[in-house]
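The values are calculated or read from the model by the stated rules, or taken from the named source; none is laboratory data. Bear in mind the structure is a predicted one, so any value in this text is a computation, not a measurement. Every residue, glycine as well, gets a Cβ built from its backbone with ideal geometry; the counts of neighbours run over all protein chains shown. For the accessible areas, the whole protein counts, side chains as well, though only heavy atoms, and no ligand, DNA or RNA atoms are used. Shrake-Rupley method; radii C 1.70, N 1.55, O 1.52, S 1.80 Å.
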Amino acid sequence: MKGFNFPGGYIPADHKAEFAKSSSKPVKSLFKPAYTNVRIKPAKNRPDKTPPNETSEASTKKPLRYLATRSLLLACGLATLGNLPVYSMINTSDSGKIINLTDPLLDGNSPAQVIKTLNLPAVAVESFSGYALDILPDVTQGSWSMHTIDADDTLASILSELELTKTSEKLLKDSAIKQTLNTLKTDGRVFTQVVDGNLQQLIYAKNKSETYIVSATDDGYLGKWESNALESRNAKISFKIKHSILRDGKDAGLSTSLIRQISQVFQKDVDVNKSAKVGDKVGVIFEDFRYQGESIYTDKVLAAEYTTSKTTYQRIRFTLGEGKTDYFRPDGDTELKRAAFDRKPLTAGRLSSGFGMRNHPVFFLRKNHAGTDFAAPRGTPIHATADGVVKEMGRLGGYGNLVELRHSDNITTRYGHMSAFNTEFKPGSQVKRGDVIGYVGSTGTSTGNHVHYEFRINGEPQNPMAIELPQVGIMSAEEMQTFKNRASAMVQELADLRKLASADQSGRNQNGG
């Protein structure tokens, strides 16, 4: 039998063709099983010089060499496959034709060859991408306060009240902030956010739409104008008393300040702190300021309703033309009137001598005292007890320095023993209730600093502490109409709030709440 000489051994002739085939197609041969039954014979006419033990070693090494060769071929094949191009295809919408993206013969209209020119600006335009943005402080941190601007207020005085004097100095180092906040508009508002004793944000609300916002940054403070950044709205809350007005009010979302205001609103009607009973209902409409979608400050109660098992009390906030603010019953016409006179001409001091018969401290005789005496330190301001006109101003016997005012309905009032007059007034001058007309002294027949006050009707002295004082409307006709309109709107809102609370309570009951 003919054979084929192969390095390291001899393969019979009948395997020669198979070997040649596997050598010409190395990739395919990788997937064919290796021959394990090969018979190795010594070549014919070839002397066998290999010792028996060396023959067995050669037989053992041959499979290892065979595997190494096949492994090398396999590695080459995989490397070749890894460098082959990967063909991707797209399907055109018009004809459904499949196109290979790697095809070099694509025409210019092919979807794979469409080129569009971008309309880019000649100069780079700043955008959000690639630029650091200012991160606004979290409005829910720390505490907020609000200050309504008075005529004499400055930024320094406002921040001084908050113990932020150093902060005001730092703020005013910025020329733009200093120029903006150097003049504050009267009746505007300043909101401040303080976190850990440091000012985080300051909002100067010039009016309802214009706000100047100062925010803390790593480099100091940054200020800028914004429109409609601060929202003012009428918020509404209702709740039922289960424990106390303080606890239940807080659970409903009211601040301690608002709960305290509610107590003051109804002080003429009911003591809500001591007399509140389980089941009583409270409805309140209040001013709420919101910034960045969060409530930052709740200011004042605008209207409130307190309902017991028997009675419903309602109060509406209203500011009179003279600047005094109070809470009035929407249907209480009699409450819209008040005494035309104050009982005494001092805001401080004590009653030292009453009206009527007494032992005179100077003459030691029993005489009728035509007025009331109020002792106070020398120089204490004396106020007009009602609107009127100055009738007399000068020295008059035992009265010493005296001011006499003429009022409507033939009523006059006298103020004696003054140490000095208010030089702004003279006979014929108009005075308003509460105006300072002079100062406490001890002129005339007097044993100490006090004011002698008389109340006369048709010239006859009356006891100012006991007489039924005439009533006067506290509102002008125009103010009355304004109040009625406001009260009507607020009463409707309270009614809607009551219905909403009842519906909500019904829903909770149905759901087992």
Of all residues in the stretch 163-200 being among the aliphatic types (A, V, I, L, M) and part of a strand (DSSP E or B), which is nearest to Arg290 (Cα to Cα)? Val190
Would you check which residues across the stretch 453-472 are open to solvent by 40 Å² or more (accessible area, probe 1.4 Å), within 18 Å of Arg338 (Cβ to Cβ) and not in a loop (DSSP other than H, G, I, E, B) and list them? Gln471, Val472
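For Gly323, are the conditions met, namely being open to solvent by 20 Å² or more (accessible area, probe 1.4 Å) and over 30 Å from Gln141 (Cα atoms)?
yes
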Please pick out the residue among Lys206, Lys236 that is surrounded by 15 or more Cβ atoms within 10 Å (Cβ to Cβ), closer than 19 Å to Tyr327 by Cα and among the basic types (Lys, Arg). Lys236
Would you confirm whether or not the stretch 376-388 contains a residue that is open to solvent by 40 Å² or more (accessible area, probe 1.4 Å) and within 16 Å of Pro461 (Cβ to Cβ)? no
Give the stretch 226-253 a look and list any residue that's in contact with a helix residue (DSSP H, G or I) (Cβ under 8 Å, 6 or more places away or on another chain) and touching a residue at least 40 places away in the same chain (Cβ under 8 Å), or say none. Asn234, Lys236, Ile237, Ser238, Phe239, Lys240, Ile241
When you check Thr140 against the structure, is it at negative phi and open to solvent by less than 60 Å² (accessible area, probe 1.4 Å), yes or no? no
Residues of the stretch 202-249 satisfying the condition of being in contact with a Leu (Cβ under 6 Å, 6 or more places away or on another chain) and of a type in the set (Lys, Arg): Lys236
Name the residue that is modelled with the lowest pLDDT, counting only residues in the stretch 340-350 that are of a type outside the set (Val, Ile, Thr) and exposed (fewer than 14 other Cβ atoms within 10 Å of the Cβ). Ala348
Looking at (1) open to solvent by 30 Å² or more (accessible area, probe 1.4 Å); (2) assigned to a loop (DSSP other than H, G, I, E, B); (3) more than 22 Å from Gly293 (Cα to Cα), can you tell me which one Tyr221 breaks? (2)
Does any residue of the stretch 145-153 turn out to be at pLDDT 85 or above, more than 21 Å from the chain's Cα centre (by Cα), surrounded by 16 or more Cβ atoms within 10 Å (Cβ to Cβ) and not basic (Lys, Arg)? yes
What residue, of Thr102, Thr186, is open to solvent by less than 100 Å² (accessible area, probe 1.4 Å) and either within 19 Å of Glu226 (Cβ to Cβ) or modelled with pLDDT of 50 or more (or both)? Thr186
Within the stretch 457-488, restricting to residues that are out of contact with any strand residue (DSSP E or B) (no Cβ under 9 Å at 6 or more places or on another chain) and among the hydrophobic types (A, V, I, L, M, F, W, C), the one that is nearest to Ile411 (Cα to Cα) is Ala466
Of the residues in the stretch 263-294 that are within 14 Å of Ile241 (Cα to Cα), surrounded by 21 or more Cβ atoms within 10 Å (Cβ to Cβ) and of a type in the set (A, V, I, L, M, F, W, C), the one that is nearest to the chain's Cα centre (by Cα) is Val284
Going through the stretch 201-218 one residue at a time, which ones are assigned to a strand (DSSP E or B) and of a type outside the set (D, E, K, R)? Gln201, Leu202, Ile203, Tyr204, Ala205, Thr211, Tyr212, Ile213, Val214, Ser215, Ala216, Thr217
Only residues that are open to solvent by less than 30 Å² (accessible area, probe 1.4 Å) and in a strand (DSSP E or B): list them for the stretch 420-452, please. Val431, Ile437, Gly438, Val440, Gly441, His450, Val451, His452
Over the stretch 237-294, the set of residues in a loop (DSSP other than H, G, I, E, B) and either among the hydroxyl-bearing types (Ser, Thr, Tyr) or closer than 30 Å to Ser215 by Cβ (or both) is Ser244, Gly253, Leu254, Ser255, Ser275, Gln292, Gly293
Do we have Ala276 as farther than 22 Å from Lys499 by Cβ and aliphatic (A, V, I, L, M) here? yes
Among the residues that make up the stretch 307-321, is at least one of them outside any strand (DSSP E or B), under 19 Å from Ile474 (Cβ atoms) and modelled with pLDDT under 90? yes
Gly356 vs (1) of a type outside the set (Phe, Trp, Tyr); (2) surrounded by 16 or more Cβ atoms within 10 Å (Cβ to Cβ); (3) farther than 30 Å from Asp269 by Cβ: all pass except (2)
